Each structure stands twice: as structure tokens, then as C-alpha cells.
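The values are calculated or read from the model by the stated rules, or taken from the named source; none is laboratory data. Please read all numbers here as calculations on a predicted model, not as lab measurements. All Cβ positions, glycine included, derive from the backbone under ideal geometry; neighbour counts span all protein chains shown.
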Amino acid sequence: MNSKRIDDRYSTNERFTTLRGIETEARKQLSPVVWNYLNCGTGDEVTLRANTADFDKLAFRTPLFAGISNPDTSTTFLGHKLSFPALIAPFGGGEQLLDAQGHCATGRAAAAVGVRQIVPVAAAHSLETIATATGVAQLFQLTFVGKVDSVLAMIERARQAGYEQIVATYSPIRQWRERMMEDRFTIRTAMEDSNYAPDKSDPEMLREQLAFEHKRWGWDEAREAIRNSPLPIIVKGVMNAEEAVQCMEAGAAGLYVSNYGGRSIDRMPSAISALPKVRAAVSKDTPIIFDSGIRRGSDIAAAIALGADVVALGRSVGYGLAANGEDGAKRVLQLLQSEFWTTLGHLGCSSVEELTASAFC
Ligand SMILES: Cc1cc2nc3c(=O)[nH]c(=O)nc-3n(C[C@H](O)[C@H](O)[C@H](O)COP(=O)(O)O)c2cc1C
């Protein structure tokens with residue numbers, strides 16, 4: 001572990017010295033309606049607030065005379081070494097409004113810092129374009145919608161482009177996002193020009209993804225897709241113990257604890273409150289990704305201590321992208337890694353593996 005490199009990130013020569021500064025710049029760069037699109041939740045945004053408020057309730061127990069001055073922030077996840085336990089979350093359907101390079105830029109930022117990206121099916125660029133632009137193995141997020149065979153064909157396409165795992169998502173009906181409704185803001189997604197271009201995928205998939213006209217998948221279709229998938233499937237949106245077990249019984253390769261950053265439906269519990277229940281329900285070696293509410297390196301430490309293997313970063317990377325494109329996203333990752341590093345040291349952990357629930361008071 002190169003501790004000097006991490007120390008150097010305290011540098012006052014950098015354009016952005018804190019994540020707060022990056023968020024402030026993002027707000028300056030974006031129009032109010034795009035800012036609202038990036039930040040909004042659903043309904044009264046109770047879940048959105050709970051996602052961060054519940055992190056604020058967690059208190060660390062820092063050992064006296066047992067701190068570590070040079071902790072190792074690296075970890076291995078799904079066979080890849082990561083410089084710290086983080087992935088970039090999929091944020092599609094409008095990321096080109098933050099920066100025209102979208103997930104090509106965030107993917108390059110991830111590779112530069114030594115982490116991985118989850119590319120969304122709703123990205124402005126096709127999965128092939130992003131794979132070529134970044135040149136690294138990534139994960140691909142795909143909505144379970146339309147015909148099972150069409151979904152399997154898209155997974156095969158992702159496999160051929162070099163993606164190694166699929167993050168499967170599910171969305172039964174349109175979301176109620178009042179900030180966007182008040183702004184009368186509708187996005188013309190680039191999906192029909194990118195992953196759902198008619199020559200590349202079954203047109204019914206796009207129609208179903210956007211229009212919610214037909215019955216959505218049940219467990220039977222999900223099981224069939226997971227069983228026949230040419231790539232391992234990690235299921236996103238697992239928020240309780242029962243469904244964690246059901247997903248693993250269906251053949252999932254891992255679980256992704258998330259309430260989509262409060263953007264799906266309001267009055268769900270915070271994701272961090274659900275995480276320990278999901279971890280307790282499955283075996284120790286079940287890979288678990290966590291997101292929703294990560295804003296600091298200390299949040300990453302808390303989520304790992306409560307059972308996640310890695311966290312995924314949504315809005316925080318979005319702020320970096322809006323503030324300064326690829327460099328902004330990279331700076332967010334560096335600052336999060338640095339703060340995670342100092343948190344590990346204060347908690348007396350020399351490595352990520354040593355983070356456990358005993359980190360809390
Ligand atoms: C602007 C925006 C777009 C998103 N689009 C997607 C998407 O296309 N697919 C997906 O699985 N999740 C999507 N998400 C949810 C994120 O992957 C992630 O779950 C969420 O942002 C995590 O919460 P956080 O922003 O508090 O970190 C989106 C989130 C945002 C903010």
C-alpha cells in the first residue's frame with residue numbers, strides 16, 4: 001500500500017480539497033432542474049433523508065494506544081483487487097446532463113483509482129462504447145423486463161463486450177419524483193440510441209422499460225433468467241433477510257443492498273438499517289454490495305463494518321462528474337479513499353478485513 005500517495009491527497013494545491021467543495025461546484029455548474037434531477041428522491045423524500053441520517057446515528061469506538069498509522073485500504077471483490085472497497089453505482093437515464101462523456105468518464109476515473117464501475121443499461125453510451133472507452137472489465141446493470149430470452153441476449157452481448165457480472169434490477173411501476181414534477185422536467189433518455197437501439201436489442205424491452213404496459217416479472221421469470229444467464233447475477237434492491245435467502249436459492253451470485261438512493265419509493269427503511277439483517281441471513285462468503293447514502297470515507301467504513309464487502313457510490317460521483325468531468329469523478333474517489341484510510345487507522349484496523357461491528361460504541 002502506497003501510504004505516501006494517500007497522504008498527498010491532503011494537498012492544498014488540488015483544485016478541490018474536500019467533497020463538500022466538489023458538491024458546491026456541481027451545484028454551480030448544473031441548472032436548478034438538473035440539480036433536482038440528480039438529487040431528488042420520491043414522495044416526501046423521507047427515505048432519501050433516512051439514508052444519510054441513519055449513518056449519522058452510528059458512533060465509532062476508537063481504541064486508545066492502538067491506532068494504525070498506515071492501514072491498507074485495498075480489498076479483493078469478485079476476483080478483482082480494488083484500491084479501496086468501492087464501485088461506481090449505475091446512474092443512467094440522464095448522466096449526459098452532468099458531463100457529455102457520462103459513464104465513459106466515470107469508468108476511466110474508476111480505472112485510474114483502481115476501482116470498478118457498474119454500467120447502467122440506461123446509459124447514454126452503449127455498453128460496447130463504454131467498454132472500449134475504459135478498457136477495463138466492468139459490471140453491467142440490467143433491468144429484468146420484457147421477454148426472458150431478450151434479457152439473456154443482452155447479457156450475452158455484455159459478456160462478449162468484456163463485462164464480467166450482471167447487476168439485475170427490478171422496477172414494477174413509475175416513480176413519484178415530485179421535484180421533477182414541479183420542475184416539469186422530463187428527460188429524453190438516450191436509451192434508444194445506445195443499449196436499446198433497435199438493431200441491437202428487442203424493441204419490446206425498451207417499450208416495457210419506459211411504458212410499464214404489461215405485467216412485470218415474477219420470481220419464476222427471475223429464476224429462469226438467473227439460471228440460464230451466461231454471466232453471474234447480483235440482485236440489486238435486496239432489503240430484507242427473507243428475500244436475501246430467496247435470491248441466493250434462485251442462484252444469485254451476490255446481493256446488492258440498496259433502496260436506489262431513495263429514488264424508488266418513499267418510506268422504505270434506510271439501506272444501512274437493512275444491511276445487518278441481510279448479512280446475517282446469508283453465508284459469510286456471499287458477496288454483498290451496499291449503496292444509498294454513502295457520502296464520506298467514514299460511511300464506507302461503517303457499511304463494511306456492518307457486513308458489506310464493497311459500497312457503490314451514486315450521487316457523490318455524480319457531483320464529481322458535474323463539477324469537473326472525469327477529473328472531478330477521480331478526485332471524489334481519491335478523497336473518499338483518503339478519508340476511508342484515516343478512518344481505518346483511527347479504528348485500529350490495519351486492513352479492510354479487520355473492520356467488524358466492534359468498530360461501534
Ligand atoms: C441520477 C441518478 C440516476 C440513477 N440511475 C440508475 C440506473 O439507471 N440504474 C440503477 O440501477 N440505479 C440508478 N440509480 C441509483 C444508483 O445506482 C444508486 O443506487 C443510488 O444513487 C445510491 O444512493 P446515493 O446516491 O445516496 O449514493 C440512479 C441514481 C441517480 C442519483
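Pro172 passes all but one of (1) in a loop (DSSP other than H, G, I, E, B); (2) buried (at least 17 other Cβ atoms within 10 Å of the Cβ); which number fails?
If we test Pro172 against (1) in a loop (DSSP other than H, G, I, E, B); (2) buried (at least 17 other Cβ atoms within 10 Å of the Cβ), just (2) comes out false.
Tell me, yes or no, whether segment 295-303 has at least one residue that is outside any helix (DSSP H, G or I) and either at pLDDT 95 or above or within 16 Å of the ligand (Cβ to nearest atom) (or both).
yes
Looking only at residues in segment 25-77 that are outside any loop (DSSP other than H, G, I, E, B) and basic (Lys, Arg), which one is nearest to the ligand (Cβ to nearest atom)?
Per the stated criteria, the residue is Arg49.
Within segment 141-178, track down each residue that is without any contact (Cβ under 8 Å) to a residue 40 or more places away in the chain and within 12 Å of the ligand (Cβ to nearest atom).
Leu142
If we only count helices (runs of 4 or more DSSP H) wholly inside segment 179-267, which ones have 3 or more residues that are more than 16 Å from the ligand (Cβ to nearest atom) and in contact (Cβ under 8 Å) with a residue 12 or more places away in the chain?
Counting at least 3 such residues, we get 219-228, 241-249.
Take segment 130-149 and flag every residue that is out of contact with any Pro (no Cβ under 6 Å at 6 or more places or on another chain) and either assigned to a strand (DSSP E or B) or farther than 25 Å from Leu82 by Cα (or both).
Passing the criteria: Leu139, Phe140, Leu142, Thr143, Phe144, Val145, Gly146, Lys147, Val148, Asp149.
Can you tell me which residue in segment 78-96 is nearest to the ligand (Cβ to nearest atom), limited to those that are surrounded by 20 or more Cβ atoms within 10 Å (Cβ to Cβ) and outside any loop (DSSP other than H, G, I, E, B)?
Glu95
If you check Leu152, Leu98, Leu127, which single one turns out to be of a type outside the set (D, E, K, R), closer than 11 Å to Asn195 by Cβ and either at pLDDT 95 or above or in contact with a Pro (Cβ under 9 Å, 6 or more places away or on another chain) (or both)?
Leu127
Is one or more of the residues making up segment 286-293 assigned to a loop (DSSP other than H, G, I, E, B), within 16 Å of the ligand (Cβ to nearest atom) and either at negative phi or at pLDDT below 95 (or both)?
Scanning segment 286-293, I find at least one residue that is assigned to a loop (DSSP other than H, G, I, E, B), within 16 Å of the ligand (Cβ to nearest atom) and either at negative phi or at pLDDT below 95 (or both), so the answer is yes.
Looking only at residues in segment 268-285 that are more than 13 Å from the ligand (Cβ to nearest atom) and among the hydroxyl-bearing types (Ser, Thr, Tyr), which one is farthest from Asp56 (Cα to Cα)?
Filtering first and then ranking leaves Ser283.
Output the residue which, of all residues in segment 247-281 that are more than 25 Å from Thr356 (Cβ to Cβ) and in contact with a strand residue (DSSP E or B) (Cβ under 9 Å, 6 or more places away or on another chain), is surrounded by the fewest Cβ atoms within 10 Å (Cβ to Cβ).
Gly251
Among the listed residues Ala86, Ala59, Ala26, Ala66, identify the single one that is within 22 Å of Leu335 (Cβ to Cβ) and over 18 Å from the mean Cα position of the chain (by Cα).
Just a single option satisfies the conditions, and that option is Ala26.
Quick check on segment 150-161. Is at least one of its residues of a type in the set (A, V, I, L, M, F, W, C), in a loop (DSSP other than H, G, I, E, B) and more than 23 Å from Lys200 (Cβ to Cβ)?
Checking segment 150-161: not a single residue is of a type in the set (A, V, I, L, M, F, W, C), in a loop (DSSP other than H, G, I, E, B) and more than 23 Å from Lys200 (Cβ to Cβ).
Can you name the residue in segment 282-298 that is crowded, with 24+ Cβ neighbours inside 10 Å and of a type outside the set (Val, Ile, Thr) and, of all such residues, is nearest to Tyr256 (Cα to Cα)?
Out of the qualifying residues, it is Phe290.
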